[in-house]
Amino acid sequence: MKTLVVGYDHSWKDKRVMRTIEIFSKLGKVYYQFSGSNDLSIAQSKGDIQCFPLSRDEMPGRHRLIKRVRLDQEILRLVQDLDYDLAYFHSFPASQPIKLFREVKKRGKKLLYDLHEIMPVQFLPEKYSFLNPVLWQILKAQLSLVDGVIGVSDEAMKMMFEKTGITKPFLIIPNYAVTGMQIGRNVKNAEIAIVGGTSRKITINGNLLKELKKNFKLISIGTNCDIVDEELPFMDYELMMDRISKVKYTLLAFQSRSDPQYPNDIYSLPNKFYDSLAAGTPVIIDNRFVSMKKIIEETNTGLILDLSKEPYKDLSLILNASGSYDSYLKNLGRYYDKFVWDNSKEDYFVDFIATIMNS
């Protein structure tokens, strides 16, 4: 089987995209388009993976819009000219959001759509949200053309199907950790790692924050965050996982838009959520997060708090959780397979692909 994977704006070795590349390369030839430099050392054929690095910024033209259109034209040429059996889109070209889907089907090829987010509410900045109804119509047209959909959470997928009135075969693949850590391998420091956003996006009661700082050192890894005591630099994945495994908790309290019920936040399952659990570190999450909350409730691997209200109540829950902490660690080991990508999940994905190809 030959596969065309369109990463579009996703960079070389984006974790979610590369996971599909590695699987498809085991099934046959892969053509891989990603956002990156036209560096020949990267672009050269790598076994059964032929790379097509296409960067908007390297397209001819003075304005971003012109560069974007020309990038989309280059991707359209790949869709039209390459010899493949399956096209797998990790996003869609902004200037031709439906045309490329139609071109794939026009050639009689199978088409799968990996929706990393709820596209219609994520694509535009908040000030242009009045255009969201148009994007829902675009998504409806796209879904009508695809053979199957891959999503990150049941709740996000349900919302998209309900809003468009279209249902297609689907598979949920959360942002599983690449690997995990042995539970109890490292001593837990009196630290909390703030993950999932920058300082302007962290929503936590100011009084609670002050009290936390009296009892824990707050750190961030690879991101600027002015509420923390120490900003650690970006680390390779293994080093990052080792560092996360040494903190007492990770905390997710990000807010991407003014609306605290913004769907792409509350239905998200971020990379760092799974990385933390796989590293053997319990999480503290805001109770706004519907999808993460469901997993924490099912596995009892962390605290679900209202981080914007009742600071002293929430602080006492964190400080007095020592009796529950051993239980959190035990459950992190018990449910380890739910947090890490492994052969069984790869087999499930391959089975889904086979079903689509044979339909």
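The values are calculated or read from the model by the stated rules, or taken from the named source; none is laboratory data. Given the structure is predicted, the values throughout are model-derived calculations rather than measurements. All Cβ positions, glycine included, derive from the backbone under ideal geometry; neighbour counts span all protein chains shown. Please note that ligands, DNA and RNA were not included when accessible areas were found on the heavy atoms of the full protein model with its side chains. Shrake-Rupley method; radii C 1.70, N 1.55, O 1.52, S 1.80 Å.
Among the residues of the stretch 231-244, is there at least one that is open to solvent by less than 80 Å² (accessible area, probe 1.4 Å), among the β-branched types (V, I, T) and assigned to a helix (DSSP H, G or I)? Yes, that holds for at least one residue.
Which one is most open to solvent (accessible area, probe 1.4 Å) among residues in the stretch 247-256 that are modelled with pLDDT of 90 or more and not aliphatic (A, V, I, L, M)?
Filtering first and then ranking leaves K248.
Residues in the stretch 55-113 that are at pLDDT below 95, part of a loop (DSSP other than H, G, I, E, B), of a type outside the set (S, T, N, Q) and open to solvent by 50 Å² or more (accessible area, probe 1.4 Å): P60, R62, H63. In the set E310, E297, only one residue is assigned by the TED database to the domain that holds R243, at pLDDT 95 or above and open to solvent by 10 Å² or more (accessible area, probe 1.4 Å); that residue is E297. Restricting attention to the stretch 286-301 and to residues that are hydrophobic (A, V, I, L, M, F, W, C) and in contact with a Ser or Thr (Cβ under 9 Å, 6 or more places away or on another chain), the residue that is nearest to A156 (Cα to Cα) turns out to be V290.
Consider the stretch 253-299. How many of its residues are in contact with a Pro (Cβ under 7 Å, 6 or more places away or on another chain) and among the hydrophobic types (A, V, I, L, M, F, W, C)? Step through it out loud before you land on a result.
Here is the first cut: in the stretch 253-299, the ones in contact with a Pro (Cβ under 7 Å, 6 or more places away or on another chain) are 269, 274, 288.
Okay, now just the ones that are also among the hydrophobic types (A, V, I, L, M, F, W, C), so 269.
So the answer is 1.
Looking at the structure I just gave you, is A278 at pLDDT 95 or above and of a type in the set (A, V, I, L, M)? Yes. Per the conditions (1) without any contact (Cβ under 8 Å) to a residue 24 or more places away in the chain; (2) in contact with a Pro (Cβ under 8 Å, 6 or more places away or on another chain), the sole criterion not satisfied by P233 is (2). In the stretch 344-353 there is no residue matching the filter, namely being buried (at least 18 other Cβ atoms within 10 Å of the Cβ) and over 24 Å from P169 (Cα atoms).
Looking across the stretch 262-292, the residues that are open to solvent by 50 Å² or more (accessible area, probe 1.4 Å) and more than 24 Å from A190 (Cα to Cα) come down to Y267, V290.
Quick grid of which residues meet (1) in contact with a Ser or Thr (Cβ under 7 Å, 6 or more places away or on another chain); (2) basic (K, R); (3) more than 23 Å from S327 (Cα to Cα); (4) not assigned by the TED database to the domain that holds P120:
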residue: F216; (1), (2), (3), (4): no, no, no, yes
residue: I221; (1), (2), (3), (4): no, no, yes, yes
residue: N224; (1), (2), (3), (4): yes, no, yes, yes
residue: E231; (1), (2), (3), (4): yes, no, yes, yes
residue: D242; (1), (2), (3), (4): no, no, no, yes
residue: S256; (1), (2), (3), (4): no, no, yes, yes
residue: P263; (1), (2), (3), (4): no, no, yes, yes
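For S324, the criteria (1) open to solvent by 10 Å² or more (accessible area, probe 1.4 Å); (2) among the small types (G, A, S); (3) assigned to a loop (DSSP other than H, G, I, E, B); (4) over 30 Å from S129 (Cβ atoms) hold in every case but one, which is (3).
Filtering the stretch 121-154 down to residues that are outside any helix (DSSP H, G or I) and modelled with pLDDT under 90, which residue is surrounded by the fewest Cβ atoms within 10 Å (Cβ to Cβ)?
Looking at residues that are outside any helix (DSSP H, G or I) and modelled with pLDDT under 90, I get P125.
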